[in-house]
Amino acid sequence: METVVSGIRPTGELHLGNYFGAVANFVQMQNENQCYFFIADYHSLTTHPTPADLHGNVRKVLVNYLAAGLDPDKSVLYIQSDVPEVTELYLLLNMNAYMGELSRCTSFKEKARKQPDNINAGLMTYPTLMAADIILHRAQKVPVGKDQEQHLEMTRTFANRFNRMYNVNFFPEPQAYNFGQALVKIPGLDGSGKMGKSEGEGNAIFFGDSTEMIRKKVMKAVSDGGPTEPFQAKPEAIQNLFGLMKVVSDSETLNFFDEEYNQCRIRYGDMKKQLALDIDRFVAPFREKMIELNSNNDYLRKVVNSGAEKARESAAATIREVRSIIGFRAF
Ligand code: TRP
């Protein structure tokens, strides 16, 4: 059993792209690993120092991930700011993190370009906070996308540096969790490659979308005038519709429309109607679970309190050792 840590940015609702691209695998991971999943609310302040509704954002993400299948009986689910031990480790790691390496970090440079009026110290030390999140539980594995690989590499640097500087073998070197072939890229509805919330209104289907909203978004999806020759290659927008159908519809349905396309008989209106129905059927249980969770604040409180308690237990053990390794002593 390996220890896995992953942080979740509190940035709104889950869509099908998030689900198939990562979250469905988090759900699987829980069965074979000791997982710590937390909502990275401290991190969010590096770009949004005065959020309009910090608690609301965190709550929304919690509800979405619980609905998706993160299970508080299998994993430790917590809010980053409920575990103050992480800030102590962050402080200690910052003493051995250098301006040079922090300022060369790609995500720092990118964010500094985007927010030139707020290049704050938290932004620059984002990688040390993330390293603290991970090694706080002495994690072996971190499920990361491409955009987080450099952060994970820096985590290894900080962990190894700690071991070397204090001449111990305390922190394991965390590795990327390998999903193998499991990750599925979900196309968007706007004819472009990827489902994402920043790609514009209507491109993504969210867990909370109503039947009517789903129908509207799908009917508006980009298509074209249809093929003119049998077995013509599918243009990107059409491939996307089939790609979506592949994950939510049964294979007979998919084969039927594929055949219709190949024989130049396809009516995209019909295909979209079917696709909307199948997406709705897929999303419905998540949507219902979210409604149930949203009306049960007692349950949410119980989840985060018990998560914080377990996370703090693991964190406190690490901090105790770290303090002793560095040389803090009681009188
Ligand atoms: N930086 C990650 C992201 O942007 C979020 C994150 C914070 C994280 N701390 C982490 C991910 C620790 C994995 C492990 O998505």
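The values are calculated or read from the model by the stated rules, or taken from the named source; none is laboratory data. Small disclaimer: the values here were computed from a predicted structure and weren't measured. With ideal geometry, Cβ positions are generated from the backbone for all residues, glycine too; neighbour counts draw on all protein chains shown.
Please work out if Thr106 is within 16 Å of the ligand (Cβ to nearest atom), of a type in the set (Val, Ile, Thr), surrounded by fewer than 20 Cβ atoms within 10 Å (Cβ to Cβ) and at pLDDT 95 or above.
For Thr106, the condition - within 16 Å of the ligand (Cβ to nearest atom), of a type in the set (Val, Ile, Thr), surrounded by fewer than 20 Cβ atoms within 10 Å (Cβ to Cβ) and at pLDDT 95 or above - is met.
List the pairs whose first member sits in region 146-157 and is of a type in the set (S, T, N, Q), whose second member is away from the ligand (no atom under 11 Å from the Cβ), and whose Cβ atoms are under 6 Å apart, counting only residues at least 6 apart or on separate chains?
Once the first residue is of a type in the set (S, T, N, Q) and sits in region 146-157, its partners that are away from the ligand (no atom under 11 Å from the Cβ) give Gln150/Thr106.
Go through the residues of region 144-161 one by one and say whether even a single one is more than 28 Å from Phe26 (Cα to Cα) and either within 16 Å of the ligand (Cβ to nearest atom) or out of contact with any Ser or Thr (no Cβ under 7 Å at 6 or more places or on another chain) (or both). Reasoning before the result, please.
Step one: filter region 144-161 for residues more than 28 Å from Phe26 (Cα to Cα), giving 161.
Next, from what is left, pick out any that are either within 16 Å of the ligand (Cβ to nearest atom) or out of contact with any Ser or Thr (no Cβ under 7 Å at 6 or more places or on another chain) (or both): 161.
Within region 144-161, one or more residues are more than 28 Å from Phe26 (Cα to Cα) and either within 16 Å of the ligand (Cβ to nearest atom) or out of contact with any Ser or Thr (no Cβ under 7 Å at 6 or more places or on another chain) (or both).
Among the residues in region 144-155, are any part of a loop (DSSP other than H, G, I, E, B) and under 19 Å from the mean Cα position of the chain (by Cα)? Show your work before the answer.
Within region 144-155, the subset part of a loop (DSSP other than H, G, I, E, B) is 144-145.
Narrowing further to those that are under 19 Å from the mean Cα position of the chain (by Cα): 144-145.
Checking region 144-155: at least one residue is part of a loop (DSSP other than H, G, I, E, B) and under 19 Å from the mean Cα position of the chain (by Cα).
Name the pairs: first residue in region 105-118 and in a loop (DSSP other than H, G, I, E, B), second residue not hydroxyl-bearing (Ser, Thr, Tyr), Cβ to Cβ under 8 Å, at least 6 apart or on different chains?
Listed pairs, sorted by first residue: Cys105/Pro127; Cys105/Gln150; Cys105/His151; Cys105/Met154; Gln115/Leu123; Asn118/Pro49.
For residues in region 51-96 being in contact with a Phe, Trp or Tyr (Cβ under 7 Å, 6 or more places away or on another chain), in contact (Cβ under 8 Å) with a residue 60 or more places away in the chain and hydrophobic (A, V, I, L, M, F, W, C), which is farthest from Glu32 (Cα to Cα)?
Among those residues, the one meeting the criterion is Leu93.
Output the residues belonging to region 14-69 that are under 30 Å from Pro116 (Cβ atoms) and surrounded by fewer than 17 Cβ atoms within 10 Å (Cβ to Cβ).
Correct list: Leu45, His48, Pro49, Thr50, Pro51, Ala52, Asp53, Leu54, His55, Gly56.
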